Amino acid sequence: MTKEIPVPFYDSAKQSNPAWDEFIQTLRYKDLIMHLVRRDVTARYKRSVLGIAWTMLNPLGMMLILTVVFSQVFSTIDGYAAYILSGLLVWNFFSQSTVSGINSMVWGGDLFRRIYFPRSVYAISAIGTGIVNLLLSMIPYVIVSLAVGKPLTLNFFWVVVPIILISMFTLGLALIIASVGVRFPDVVEMFNIFLFAWMYLTPIIYPEDIVPAWLLAFFKFNPMYHLIKLFREPIFYGQPLYPQLVGICTLIAVFTLVLGWIIFSRMTDEIAYRS
């Protein structure tokens, strides 16, 4: 007599804690996340002659253009090319990873309905791909920094902390926008436009000290203002991270990630059928 093998049954209605269950399931699919990151990094430049070098050339090209245009205007900044590039590295990582994560979750409904896996896997893999590209882009930054007379210090290695916090904030925001975008797809398109304005409301190509005091007060409510400032401290200014700024950025990153994770985990089933 053959023994009947129980068939696993998934019932989302019996989830005790959707956020915790989503987290546990995501840990079980860590190999899939690594595979998606490896696929995205290699496939993006597969047919390109320069291949993955485009990851480094893209921010360099933007830096050269902006340096030529604004170097005389902001000549008070010592090593202006490195100043711009340090901001562009963070912003490119944030904007590209957020948009990639949102699009994969909002428009991936067909695959979601065919096979089960944690929906957050796509968002996390987008962040992972962005981190790889960011680390590769640090190579030309080091060269540019040395070329413009901004030698690196041992504090450079503190950059790991802002990269982790920026990644957490990016993931949390992508989960929030994707959750809303599934019900209201126009939000995704509006977010792309908002990103363009957001960039110029953040001190990336201009120094903070030219901003009027009344406007700078509003900048304090801009999360990327604090995160980019934290990123620049060790790599551009060569300074150690000071606790107050780390505390502010940690609060921003943790709050955004936790909020995004809770909202997204409660909508995972709806995302599969609406997207």
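The values are calculated or read from the model by the stated rules, or taken from the named source; none is laboratory data. Every value quoted in this text rests on a predicted model; they were computed, and no experiment measured them. Positions of Cβ are generated from backbone atoms using ideal geometry, with glycine treated the same way; all protein chains shown enter the neighbour counts.
Output yes when any residue across the stretch 264-275 is of a type in the set (Val, Ile, Thr), surrounded by 16 or more Cβ atoms within 10 Å (Cβ to Cβ), out of contact with any His (no Cβ under 6 Å at 6 or more places or on another chain) and in contact (Cβ under 8 Å) with a residue 40 or more places away in the chain, and no when none is. Checked against the condition, which is being of a type in the set (Val, Ile, Thr), surrounded by 16 or more Cβ atoms within 10 Å (Cβ to Cβ), out of contact with any His (no Cβ under 6 Å at 6 or more places or on another chain) and in contact (Cβ under 8 Å) with a residue 40 or more places away in the chain, the stretch 264-275 yields at least one hit.
Scanning the stretch 121-142 for residues that are farther than 13 Å from residue 58 by Cα and touching a residue at least 40 places away in the same chain (Cβ under 8 Å) gives 121, 122, 123, 124, 125, 126, 127, 128, 129, 130, 132.
Might you let me know whether the stretch 143-154 holds any residue that is small (Gly, Ala, Ser) and within 21 Å of residue 225 (Cα to Cα)? Steps first, answer last, please.
Step one: list which residues in the stretch 143-154 are small (Gly, Ala, Ser), which gives 145, 147, 149.
With within 21 Å of residue 225 (Cα to Cα) added as a condition, the list becomes none.
Taking every residue of the stretch 143-154 in turn, none turns out to be small (Gly, Ala, Ser) and within 21 Å of residue 225 (Cα to Cα).
Take the conditions (1) modelled with pLDDT under 60; (2) within 30 Å of residue 258 (Cα to Cα); (3) loosely packed, with under 12 Cβ neighbours inside 10 Å; (4) not basic (Lys, Arg); residue 15 misses just one of them, which is (3). Apart from one condition, residue 258 fits all of (1) touching a residue at least 40 places away in the same chain (Cβ under 8 Å); (2) under 20 Å from residue 84 (Cβ atoms); (3) surrounded by fewer than 20 Cβ atoms within 10 Å (Cβ to Cβ); the exception is (2).
If the requirement is being surrounded by 15 or more Cβ atoms within 10 Å (Cβ to Cβ) and over 22 Å from residue 101 (Cα atoms), which of these qualifies: 177, 166, 248? Outline the logic, then answer.
Details: 177 fails: over 22 Å from residue 101 (Cα atoms); 166 fails: over 22 Å from residue 101 (Cα atoms).
Just a single option satisfies the conditions, and that option is 248.
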